[in-house]
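A.B. asks: Could you have a look at this structure, given as structure tokens, before my questions?
The values are calculated or read from the model by the stated rules, or taken from the named source; none is laboratory data. As the structure is a computational prediction, the values presented were derived from the model and not from experiment. Counting neighbours? That spans all protein chains shown, and the Cβs are built from the backbone with ideal geometry, glycine included.
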């Protein structure tokens, strides 16, 4: 048997987010976005330096600013909007939206059906990253495209 190119159970893409405060970010993703810890966070000197969380089959990693000697900063710290956003499927986007709204999330857009067949909404997390949560509710509608 040969070893797999990646650890079993992990997706091929794992976003790694730089956060200002790991404890606060973990609580936000757990309480507002409904993620759960994949394993116990790695600590050095009693401070979290790495954590992994899951929602469905999606996994994210995070580390606080300065961890492992990194000079990376969160969008909130730099004051520069993140140049990436994250898009994740959930079973019931409307229920997820209501939960996040009730927990005080900064909602950027309410759930809306889109031409590609998804219903989605967007929020901004504590560190300035934008997250779109979606549920597929239809099929991709190409009728809006005009052909030359």
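A.B. asks: Among the candidates 139, 78, 146, single out the residue that is modelled with pLDDT of 95 or more, loosely packed, with under 14 Cβ neighbours inside 10 Å and more than 15 Å from residue 34 (Cα to Cα).
C.D. replies: 78
A.B. asks: Evaluate the range 70-93: report whether one residue or more is over 22 Å from residue 16 (Cα atoms) and touching a helix residue (DSSP H, G or I) at 6+ places or on another chain (Cβ under 7 Å).
C.D. replies: No, there is no match, as no residue in the range 70-93 is over 22 Å from residue 16 (Cα atoms) and touching a helix residue (DSSP H, G or I) at 6+ places or on another chain (Cβ under 7 Å).
A.B. asks: Without any contact (Cβ under 8 Å) to a residue 40 or more places away in the chain and under 13 Å from residue 129 (Cα atoms): does that describe residue 80?
C.D. replies: Against the criterion (without any contact (Cβ under 8 Å) to a residue 40 or more places away in the chain and under 13 Å from residue 129 (Cα atoms)), residue 80 qualifies.
A.B. asks: Does residue 91 satisfy the condition of being more than 14 Å from the chain's Cα centre (by Cα), more than 24 Å from residue 10 (Cβ to Cβ) and surrounded by fewer than 18 Cβ atoms within 10 Å (Cβ to Cβ)?
C.D. replies: Here the answer is no, as residue 91 does not meet what is asked.
A.B. asks: Quick one: count up the residues across the range 22-66 that are assigned to a loop (DSSP other than H, G, I, E, B) and touching a residue at least 60 places away in the same chain (Cβ under 8 Å).
C.D. replies: Total meeting the criteria: 3.
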